[in-house]
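Visitor: Take a look at the following structure, please.
The values are calculated or read from the model by the stated rules, or taken from the named source; none is laboratory data. Remember, it's a predicted structure, so these values are computed and weren't measured experimentally. Positions of Cβ are backbone-derived with ideal geometry, glycine not excepted, and every protein chain shown enters the neighbour counts. For the accessible areas, the whole protein counts, side chains as well, though only heavy atoms, and no ligand, DNA or RNA atoms are used. Shrake-Rupley method; radii C 1.70, N 1.55, O 1.52, S 1.80 Å.
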Amino acid sequence: KPSRLAAALAERGMTATGLARAVNVTPSTVGKWADGAAPTVEHAEGATAALGVEVAEVFDRVHLGHRGGRSGRLELPLVPGAPTVDQALDTPPTGDDRWAERAACADPDLDPEAWWPDPTDPAEQARRTCGGCPVLGDCRQAFLDDPNTRRHGTDGIWAGLPGRVLLTLTRNPNRDGGRDHTTQGLTSTRLAADLGVSPSTVAHWRQGQRTPSPAATERLAHRLGVDPDQLWPDRDQSRDGIAR
Ligand code: SF4
């Protein structure tokens, strides 16, 4: 049985090579995704934008990064209807002190235990309910602001994500799907769209593997509202001559 990704490619008459080119990865990487390997959030977003589908329609999981050690691979099982990583991280709080009364999980007909799953359980019902919650941002903020979160672990589902995933994404700013102050909470995908470059190019800038051209630096600085010299102060100016 072809994977959902392989089926989506076939449906659109697109090849793995075509998708690989659109996302800036190798065709063998797309082959691995089709065999069930988890893409990064950035790659999943790029691939599904090229295919015109939702991420959860073609991927089962996304790879969020490593927490160190052999078993430190952090993956998020995707649940259709659950908040996306962007929604979980970017939805602003309503600021209502009584937000908890409006929480979708406050419905007495729902089983509160569903929000405290075993670590291997994707918590589909709970995360789908979070997808329709009007106080997602308040929930995320309450979780992150609670000193017990850091002291007593990260169990449970918060803002539609397992607590450990939410904490990792907000704690490791340079990770795919993460946030950092230099990009003011914008995802690489969004910045890339604004600047007219590929998401992987922005990811390489964030990871320090490449520096943008002077023209791109100007555009990026303008988009972020900062001085261009603040972004890459150590850059070797001699490489940025007018010859390029
Ligand atoms: S987002 Fe938070 S408050 Fe809303 S349903 Fe999910 S766990 Fe409950």
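Visitor: Could you work out the Kirkwood radius for region 1-59, taking every pair of different alpha carbons, averaging 1/r and inverting it, reported in Å?
Guide: Result for region 1-59 stands at 10.9 Å.
Visitor: Under 5 Å between amide hydrogens, which residues at least 5 positions from residue 158 or on another chain qualify, with H placed 1.01 Å from N in the peptide plane?
Guide: 163
Visitor: Here's something else I'd like to know. Can you bin region 101-170 into rounded, prolate or oblate? Criterion: square roots of the alpha carbon gyration tensor eigenvalues sorted a ≥ b ≥ c, rounded for a/c under 1.5, prolate for a/b above b/c, oblate for the rest.
Guide: Oblate, since a/c reaches 1.5 and b/c is not below a/b.
Visitor: Check residue 61: other-chain or 5+ apart residues with amide H under 5 Å from its amide H, H built from backbone geometry?
Guide: 78
Visitor: About its Cα centre, how strong a charge dipole does region 80-179 have in debye, to the nearest 20, once Lys and Arg get +1 and Asp and Glu get -1 at the Cβ?
Guide: In debye, rounded to 20, region 80-179 gives about 500.
Visitor: While we're looking at this one, here's another question. Of 168, 15, which has the most accessible area and how do the rest follow, probe 1.4 Å?
Guide: Accessible-area ranking of 168, 15, largest first: 15, 168.
Visitor: Between residue 32 and residue 223, take the C-beta separation as r, use R0 = 41 Å, and let me know the FRET efficiency to the nearest 0.05.
Guide: Computed FRET efficiency for residue 32 and residue 223: 0.80.
Visitor: Could I have the simple spin-label model distance between residue 49 and residue 86, label points 7 Å from Cα toward Cβ, reported in nm to one decimal?
Guide: 0.7 nm
Visitor: Then there is this: Please give, to one decimal in nm, the separation of the simple spin-label points placed at residue 142 and residue 10, each 7 Å out from Cα toward the Cβ.
Guide: Those two pseudo-labels are separated by 4.6 nm.
Visitor: Further, regarding this structure: Which value, in debye to the nearest 20, gives the size of the charge dipole of region 1-59 about its Cα centre, when Lys and Arg are +1 and Asp and Glu are -1 at the Cβ?
Guide: Here the size comes out at about 220 debye.
Visitor: For region 12-107, what is the accessible area per residue in Å², given a 1.4 Å probe and the full set of protein chains?
Guide: 52 Å²
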